[in-house]
Number of protein chains: 2
Amino acid sequence: MATFSKIVECVPNFSEGRDKEKIEKIVNPFRCKDGVKLLNYSNDEDHNRLVVTIVGEPQPVKEALLEAIGVAVEVIDLNHHQGAHKRMGAVDVVPFIPIKNMEIEEAIELSKEVGKAIADTYKIPVFLYEKSASAPHRENLAKIRKGEFEGMAEKIHEPEWHPDFGPEERHPTAGTVAVGARAPLCAYNVNLNTPDVAIADAIAKKVRHIGGGLRFCKAMGLELTDRHITQVSMNLTDYTKTAIYRAHELIRVEAKRYGVSIVGSEVIGLVPTRALIECAEYYLGIENFSMDQLLEPMIENAIHE
Amino acid sequence: MATFSKIVECVPNFSEGRDKEKIEKIVNPFRCKDGVKLLNYSNDEDHNRLVVTIVGEPQPVKEALLEAIGVAVEVIDLNHHQGAHKRMGAVDVVPFIPIKNMEIEEAIELSKEVGKAIADTYKIPVFLYEKSASAPHRENLAKIRKGEFEGMAEKIHEPEWHPDFGPEERHPTAGTVAVGARAPLCAYNVNLNTPDVAIADAIAKKVRHIGGGLRFCKAMGLELTDRHITQVSMNLTDYTKTAIYRAHELIRVEAKRYGVSIVGSEVIGLVPTRALIECAEYYLGIENFSMDQLLEPMIENAIHE
């Protein structure tokens, strides 16, 4: 009984959220494939967009993805696409997230390999973004996508917006695509014993990257009205660099200025195991801990080896 | 691709550590069985003892175990057994440890079921021990086993040593067996910035159960001579009741009396994921965290469902 020795997550976004038949055709290549598991897909009619979540071994994921993109190029024509969500391509964006036995570097390599294959196979211009970006101004997807499908006809000729792979012409029906690797997100909130949201917001502005704070931290202040307290609500976009405990302790430091204390915290949704284990390591001062010392994954691996 | 929905670990100890042929016969029932995985077996010639580690689904583990015990009863005669390790039966002790999707209560139930089946099938008297014990004086294996195979002929007739299952007579060749459930062990050590082992030892004596300390904590003081520091070395025998962070903080409290500080810690060998996640929860003050929020196990389960 073999399992996946490496797991990468991929969340391709397709610009078709209305036609059920086309949606099923696009999703189909992710079904019944060795080494690939379709976790979820959901379409939004207002956004006119389809978000697919798959996990699996890098190579089978790449192959299934290329097949699905082939279908999307065939059935989607951006010239006739309208929706509330910004878009620049039939396949709009393809993020890769390393999950198991994979560092971010390997996900970056995979994204480049896939980007090149998309360009070679379908003649679609590809922009590498996030961790895979070839320049700082290309890290942010919103900046790449600005102008959308329509604007990209001209934008792609500007020197700073040449694609990383493929022709320097927008594909006539499929537009352009962004491909890149990113770390799994940690949504982590810290509660403060003050009802004054101005304080929570002032703290948020100091700990977040844009305000001079932590590199991979987005933050804002929120009121928890029913509890008469406030919260610094955060997205940690790379917990391997900006650890949960570091954001937590920095909030404590900043809160001190206002005589405010931390009264609790919450993890929203899924969190990488290592992100919390690293907090235990920090607070307990554990020396030389390895993730291979975790009992259950070790036993699961032995069972499936 | 199905995986084990529940995992129990079982570490039966057999009183045969020398005859390779017999050892292989005893281990054989754990091979090539659906729902059972033989992780390891090692024999010690001085101890004249065989320790087998298996994991799997509760029922297949039970069945394979009964088969192996049948073989052991056949090939081992305690009347002719000598070795450095104390022993009271051909199958000396059978501990069950819950690993995945299983609380200790379910492991206790399983141990009782297996104990009854051993008694019914092989007419061997069974003592429930550890968490499965029917009385406090029967929790400790050493106390049950005192007198060993030879002494058990008389001891079993004493009112406080009647077996939990099976005949009130020692089996003529297979003796008696202890069966029980226990939590996975956490071996956790805390380093102190004093070279004086008397201080480490005094702290160890206060935090451990026997000295009035934490219920599931065994501890002793050690010197780390190369680093000129000392250590409180602990076994936490039930981390679900005596958490790692509680032992850690209690050591900090006791160390204060001597003006001594904690300078680090270490986890030895394998540790249940939850034992460290609970430390992150404590130090970060995370509210309402569930182990289902851990990304990798969730994805592994989705892959294997």
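The values are calculated or read from the model by the stated rules, or taken from the named source; none is laboratory data. Worth saying up front: this structure is predicted, and the values here are computed from it rather than measured. Here the Cβ positions follow ideal geometry from the backbone for every residue, glycine too, while neighbour counts run over all protein chains shown. Accessible surface areas use protein heavy atoms only, side chains included; no ligands, DNA or RNA. Shrake-Rupley method; radii C 1.70, N 1.55, O 1.52, S 1.80 Å.
Which of B:23, B:234, B:71 sits farthest toward the positive end of the charge dipole of chain B, with +1 on the Cβ of Lys and Arg and -1 on the Cβ of Asp and Glu?
B:234
Take every residue in peptide B:35-45, count the Cβ atoms of other chains within 10 Å of its Cβ, and give the average of those counts.
Mean partner shielding for this stretch: 1.
Would you mind giving the total buried accessible surface between chains A and B, with a 1.4 Å probe and ligands, DNA and RNA left out, rounded to the nearest 100 Å²? Let's see the in-between values first.
Numbers: alone 15410 and 15430 Å², together 26510 Å².
Approximately 4300 Å² gets buried when A meets B.
Between A:147, A:213, A:259, which gets the highest mean-square fluctuation from a Gaussian network model of chain A, Cα cutoff 10 Å?
A:259
Quick one: in chain A, what % of C-alpha pairs are over 24 Å apart? If you can, show how the numbers build up before the last one.
Values: 27456 of 46360 pairs.
That fraction is 59 percent.
Per Stokes-Einstein, at 37 °C and 0.692 mPa s, what whole-number D in µm² s⁻¹ belongs to the stretch A:32-91, with the Kirkwood radius over Cα pairs as the hydrodynamic radius?
On the way: Rh = 12.8 Å.
This corresponds to a translational diffusion coefficient of 257 µm²/s.
Which whole-number percentage describes the relative contact order of the stretch A:7-181, with Cα contacts under 8 Å and a sequence gap of 6 or more? Please report the intermediate quantities before stating the final value.
On the way: 388 pairs, mean separation 44.4, N = 175.
Relative contact order, the stretch A:7-181: 25 percent.
Can you work out the FRET efficiency for the pair residue A:290 and residue B:301, with r the C-beta to C-beta distance and R0 = 25 Å, to the nearest 0.05? Show your work: numbers first, answer last.
Working: r = 23 Å, r/R0 = 0.94.
Efficiency, from the Cβ-Cβ distance: 0.60.
Summarise the accessible area of chain B (1.4 Å probe, protein heavy atoms) by the percent that is carbon and sulfur. Kindly include the intermediate steps, with their values, before the conclusion.
Details: 6600 of 13260 Å².
With neighbouring chains kept in place, the figure for chain B is 50 percent.
What is the spread of the Cα atoms of the stretch A:1-101 along each of their three principal axes, largest first, in whole Å?
46, 21, 18
Name the most mobile residue of A:126, A:11, A:91, meaning the one with the largest mean-square fluctuation, in a Gaussian network model of chain A with Cα contacts below 10 Å.
Fluctuation is largest for A:11.
Of all alpha-carbon pairs in the stretch A:5-51, indicate the percentage at a distance above 17 angstrom. Could you put the intermediate results ahead of the total?
Numbers: 379 of 1081 pairs.
Value for the stretch A:5-51 (Cα pairs over 17 Å): 35 percent.
Mark the label point 7 Å from the Cα of residue A:77 along Cα→Cβ and return the residues of the stretch A:8-29 whose backbone N is within less than 18 Å of it.
Under cut-off, by backbone N: A:15-23.
Could you work out, for the protein assembly as shown, what percent of all Cα-Cα pairs fall into each 20 Å distance bin, beginning at 0 Å and stopping at the bin that holds the largest distance?
Distribution as computed: 17, 39, 30, 13, 1 percent.
Read phi for every residue in the stretch A:174-188 and hand back ³J(HN,Hα) as whole Hz from Karplus 6.51 cos²θ - 1.76 cosθ + 1.60, θ = phi - 60°, with x for Gly and Pro.
With coefficients 6.51, -1.76 and 1.60, one gets 9, x, 9, 9, 9, 10, x, 10, 9, 6, x, 7, 10, 9, 9 Hz.
Please find, in a Gaussian network model of chain A (springs between Cα atoms separated by less than 10 Å), the residue of A:89, A:35, A:151 whose mean-square fluctuation is greatest.
The residue with the greatest mean-square fluctuation here is A:151.
Taking each residue of B:97-108 in turn, how many C-beta atoms of other protein chains fall within 10 Å of its C-beta, and what is the average? The partial results should precede the final answer.
On the way: counts 1, 0, 4, 5, 1, 0, 0, 0, 0, 0, 0, 0.
Average neighbour count from other chains, rounded to a whole number: 1.
Other chains near A:263-270: what is the mean number of their Cβ atoms within 10 Å of each residue's Cβ? Walk me through the intermediate numbers first.
Values: counts 2, 5, 6, 6, 10, 1, 2, 8.
What the average comes to for A:263-270 is 5.
Along Cα→Cβ, 7 Å out, is where each label goes; now give me the distance between the ones at residue A:235 and residue A:44 in nm to one decimal.
About 1.2 nm, to one decimal.
Please give every one of the lysines within straight-line cross-link reach of residue B:116, meaning a C-alpha to C-alpha distance under 23 Å, and leave out same-chain neighbours fewer than 8 residues apart.
Within the straight-line cut-off, residue B:116 pairs with B:6, B:33, B:62, B:131, B:143, B:146, B:155.
What are the ³J(HN,Hα) values, in whole Hz, obtained from phi via the Karplus relation 6.51 cos²θ - 1.76 cosθ + 1.60 with θ = phi - 60°, for each residue of the stretch B:261-266 in sequence order, with x given for Gly and Pro?
Using θ = phi - 60°, the values come out as 10, 7, 10, x, 7, 8 Hz.
Given a Förster distance of 25 Å, report the FRET efficiency between residue A:257 and residue A:85 from their Cβ-Cβ distance, rounded to the nearest 0.05. All intermediate terms of the calculation are to be shown ahead of the outcome.
Values: r = 40 Å, r/R0 = 1.60.
It comes to 0.05.
Given H placed on each backbone N at 1.01 Å, which residues far from residue B:217 in sequence or on other chains put an amide H within less than 5 Å of it?
The list, which skips near neighbours in sequence, is B:209, B:237.
With +1 on each Lys and Arg Cβ and -1 on each Asp and Glu Cβ, and nothing else charged, work out how big the dipole of the protein assembly as shown is about its Cα centre, in Debye to the nearest 20. It would help to have the intermediate numbers written out before the result.
Values: 72 positive and 92 negative charges, 303 e Å.
That gives a dipole near 1460 debye.
Compute the relative contact order of chain B as a whole-number percentage, counting only Cα pairs closer than 8 Å that sit 6 or more residues apart in sequence.
Relative contact order, chain B: 15 percent.
Restricting to DSSP H runs of at least four residues, report the calculated mean residue ellipticity at 222 nm for the protein assembly as shown, -39500 (n - 2.57) per run over all residues, nearest 500 deg cm²/dmol.
Working: 18 runs with 208 residues, N = 610.
Mean residue ellipticity, 222 nm, calculated: -10500 deg cm²/dmol.
Using a Förster distance of 35 angstrom, determine the FRET efficiency expected from the C-beta separation of residue B:59 and residue A:268, and round it to 0.05.
Working: r = 38 Å, r/R0 = 1.08.
Working from the Cβ atoms, E equals 0.40.
Take the alpha carbon atoms of the stretch A:121-199, find their center, do the same for the stretch A:47-100, and report the distance between the two centers in whole angstrom.
14
Got a sec? Which residues in the stretch A:229-256 would a label at residue A:187 touch, if it sits 7 Å along Cα→Cβ and we count backbone N under 15 Å?
Residues passing the 15 Å test: A:232-237.
Which is the longest part of chain A that has none of the trypsin sites (Lys or Arg not before Pro) sitting in a DSSP loop with at most 14 other Cβ atoms within 10 Å?
Details: sites that count: A:31, A:123, A:146, A:215, A:241, A:257.
Longest site-free region, per DSSP loop and neighbour criteria: A:32-122.
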